[in-house]
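Peer 1: The following block contains the structure, expressed as structure tokens.
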Amino acid sequence: MPVSFQGTAFNWMMMTEIPHDLRKLDRVEVFNTSTLEAKKRIKSFDSFAHKGTRGHAAVAAGTNGMMGAAILASSACMRSGCGKTTAIVPSSYFSLIHFSVPEALVWDRESENIPFDAFNALAVGPGIGSSASSKKLLNLAISSQKPLVIDADGLNILAEQKDWIEKLPKDCILTPHHGEWERLFFKTNDDYLKINTSIDFCKRLNVNVLIKGHYSVLVTPSDIYINGTGNAGMGKAGAGDVLTGLLASLLAQGYTPEDAGILGMYIHGLAGDFARDKWGEDYMNATDIIHYLSAAFQSLRNG
């Protein structure tokens, strides 16, 4: 069945049809194509770059019982090339962030004066819960109109506050896994229907949806991209938080949302593949993915 782009060719192999089950795709073909797409987009740093020119990302994540999400997202953000990362977390956990991610700055999520103007990009959602203060935090992030990644509890709040969806900043990236996608839209296991629904959503609001899965799919207002890296070992708690931090870092460095999405899901999956090769699918975890982000960037950059 043809997709709903009117006269627009996909960048993914000039694709004109989407299968109802992405598992029918040829994994090697998808890997090779997504490698070419990612390689076209990775940038080299100026040899005179410094922390003030590499971008400042903010990660709003974590609350009682969920501070691991803040640690994972902030660590991944710092490991992915941006100059500075600020973790926006409850003040009672500042010392935990300082200990776990010593490179990161911290800001109180309850503050009335979060310095959004100081950030080049924001990520909000991992482990923030759905309290009134969490909803306020998400609303402030949306209102800032900064380059924005929304994940996890941020998506769950949007699913409750559907009227906020119309206020999403242009070009923001939503990163739902299957369950979060269903909460935002409707229940289905049909990949064709999920992708086409996301296409219409992205075209209407001028935003991007990165559907996480064994084949992650980036839907933009004009194209779709299917990623060929990653493995089943990444289907564990915290892997999505790593992707969120990685995307925030790329946006802060000046990548367009489309390029950040393509490069981010590729590097995230490749780091996961390296972790699988070291620890095995059954035994790797989200922290292992962070440890291999540098190797994934180097592998893509150096061919």
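Residue-by-condition table, conditions (1) within 20 Å of the chain's Cα centre (by Cα); (2) part of a helix (DSSP H, G or I); (3) more than 24 Å from residue 251 (Cβ to Cβ); (4) basic (Lys, Arg):
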position	(1), (2), (3), (4)
170	yes, no, no, yes
188	no, no, yes, no
193	no, yes, yes, no
197	yes, yes, yes, no
202	yes, yes, no, no
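Peer 1: Scan segment 37-52 for residues that are at pLDDT below 95 and either at positive phi or surrounded by 13 or more Cβ atoms within 10 Å (Cβ to Cβ) (or both) and jot them down.
Peer 2: 43, 49
Peer 1: Another one. Of a type in the set (D, E, K, R) and assigned to a loop (DSSP other than H, G, I, E, B) - does that describe any residue in segment 130-142? Steps first, answer last, please.
Peer 2: Of all residues in segment 130-142, those of a type in the set (D, E, K, R) come to 135-136.
Keeping just the survivors that are assigned to a loop (DSSP other than H, G, I, E, B) gives none.
The answer is no; no qualifying residue exists.
Peer 1: Restricting to segment 30-52, what's the tally of residues that are without any contact (Cβ under 8 Å) to a residue 12 or more places away in the chain, in a helix (DSSP H, G or I) and of a type in the set (Asp, Glu)?
Peer 2: So the answer is 0.
Peer 1: Oh, and also: Check off (1) surrounded by fewer than 23 Cβ atoms within 10 Å (Cβ to Cβ); (2) of a type in the set (A, V, I, L, M); (3) in a loop (DSSP other than H, G, I, E, B) for residue 155 and give me the number that stays unchecked.
Peer 2: (3)
Peer 1: Say whether the condition of being hydroxyl-bearing (Ser, Thr, Tyr) and part of a helix (DSSP H, G or I) is met by at least one residue in segment 262-274. Quick ask: steps written out before the conclusion?
Peer 2: Initially, segment 262-274 is screened for residues hydroxyl-bearing (Ser, Thr, Tyr), giving 266.
From the residues that got through so far, the ones that are part of a helix (DSSP H, G or I) too are 266.
Checking segment 262-274: at least one residue is hydroxyl-bearing (Ser, Thr, Tyr) and part of a helix (DSSP H, G or I).
Peer 1: To continue, here is another question. Being assigned to a helix (DSSP H, G or I), buried (at least 24 other Cβ atoms within 10 Å of the Cβ), out of contact with any Ser or Thr (no Cβ under 6 Å at 6 or more places or on another chain) and among the aliphatic types (A, V, I, L, M) is the filter here, so list the residues in segment 53-96 that pass it.
Peer 2: 69, 70, 72, 76
Peer 1: So, one more: Can you name the condition, by its number, that residue 229 falls short on among (1) modelled with pLDDT of 95 or more; (2) surrounded by fewer than 20 Cβ atoms within 10 Å (Cβ to Cβ); (3) assigned to a loop (DSSP other than H, G, I, E, B); (4) of a type outside the set (A, V, I, L, M, F, W, C)?
Peer 2: With respect to (1) modelled with pLDDT of 95 or more; (2) surrounded by fewer than 20 Cβ atoms within 10 Å (Cβ to Cβ); (3) assigned to a loop (DSSP other than H, G, I, E, B); (4) of a type outside the set (A, V, I, L, M, F, W, C), residue 229 is out only on (2).
Peer 1: I'm trying to understand the selection: among the residues of segment 139-152, which are under 12 Å from residue 88 (Cβ atoms) and surrounded by 24 or more Cβ atoms within 10 Å (Cβ to Cβ)? Outline the logic, then answer.
Peer 2: Initially, segment 139-152 is screened for residues under 12 Å from residue 88 (Cβ atoms), giving 140-141, 144.
Passing the criteria: only 141.
Peer 1: Determine, yes or no, whether residue 136 is basic (Lys, Arg) and closer than 24 Å to residue 256 by Cα. Step through it out loud before you land on a result.
Peer 2: On the way: basic (Lys, Arg): yes; closer than 24 Å to residue 256 by Cα: no.
The answer is no for residue 136.
The values are calculated or read from the model by the stated rules, or taken from the named source; none is laboratory data. For clarity, every value in this text was computed on a predicted model and none was experimentally measured. Heads up, the Cβs are rebuilt from the backbone with ideal geometry, glycines too, and the neighbour counts pull from every protein chain shown.
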